[in-house]
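So the structure is just underneath, and the comments pick up after that.
The values are calculated or read from the model by the stated rules, or taken from the named source; none is laboratory data. Source: prediction; values computed, not measured. Ideal geometry is used to build each Cβ from the backbone, glycine not excepted, and the neighbour counts take in all protein chains shown. Quick note on the areas: whole protein, heavy atoms, side chains included, nothing else; ligands and nucleic acids left out. Shrake-Rupley method; radii C 1.70, N 1.55, O 1.52, S 1.80 Å.
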Amino acid sequence: MSAAAPAAVSRGRRGRLAGVATMAGSGLSNQTGAAVGSLAFPVLGPVGVVAVRQYVAALVLLAVGRPALRSFTWRQWWPVLLLALVFGTMNLALYSSIERVGLGLAVTLEFLGPLALALAASRRRADVACAVVAAAGVVTLLRPRPSADYLGMGLGLLAAVCWASYILLNRTVGERVPGAQGPAAAAAVSAVLFLPAGVVLAVRQPLTAAAVACAVVAGVLSSAVPCLADLCTLRRVP
């Protein structure tokens, strides 16, 4: 074994630890932003909060990524466009679920997406056992009964599917588009899709500074920061 091999292994371990730390920070930022964004529901509603989130994410990521959109090939564009669609659907489904069933249950359901993705890539019995325990916990939290809000639960599960898709697409975009240009382009496209909703909201609903501020914070913590963090993480860990 060459002298460079141990150093390479050490760098690989440090890179993976950094990726895990970034992943944990991304999750904390994401859920903190979701909690702050829900405070704006009485004024903006879920659609309004998501619209502001998409605008803020687009502004931040475009400033950081500076995508050269004219140089993108179709091989780069199609995962970017899918990421934009999944990005907006995921946020709208999550916030609509939060409004109906509360933050705790909505976020728990959303986490089933990355959990299922992790289990699909695992072959260890211990992981399967942990999945069974996690599933039992989710069923306990759901407590299905006649008065349960099944639409809210369904929206949470839709957010879970979108989150799993977001992870896979973000990895593909990271492989095909250099730097942060891919997520920046996806955020811009998603913001354009939500532009009509923002215009209607501004015309029909009187806005307050506090509500807009909460939505802006949610955009930074739950969209811009996690998107950049996940892009870096997926280049370091499986």
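Report those helices (runs of 4 or more DSSP H) wholly inside the stretch 75-148 carrying at least 2 residues which are more than 30 Å from Ala180 (Cα to Cα).
Details: elements: 103-110, 112-120, 125-142.
Result: 103-110, 125-142.
Mind checking whether some residue in the stretch 10-17 is open to solvent by less than 40 Å² (accessible area, probe 1.4 Å) and in a helix (DSSP H, G or I)?
Checking the stretch 10-17: at least one residue is open to solvent by less than 40 Å² (accessible area, probe 1.4 Å) and in a helix (DSSP H, G or I).
Suppose we filter Val212, Val216 for residues that are over 24 Å from Ala21 (Cβ atoms) and more than 17 Å from the chain's Cα centre (by Cα); which single one remains? Give the derivation first.
Numbers: Val216 fails: more than 17 Å from the chain's Cα centre (by Cα).
So the residue among Val212, Val216 that is over 24 Å from Ala21 (Cβ atoms) and more than 17 Å from the chain's Cα centre (by Cα) is Val212.
When you scan the stretch 167-201, how many residues do you find that are touching a Leu at 6+ places or on another chain (Cβ under 7 Å) and either open to solvent by 10 Å² or more (accessible area, probe 1.4 Å) or over 30 Å from Met23 (Cα atoms) (or both)?
The number of residues fulfilling the criteria is 8.
Condition first: without any contact (Cβ under 8 Å) to a residue 40 or more places away in the chain and not small (Gly, Ala, Ser). Now tell me which residues in the stretch 78-103 satisfy that.
Across the stretch 78-103, the qualifying residue is only Trp78.
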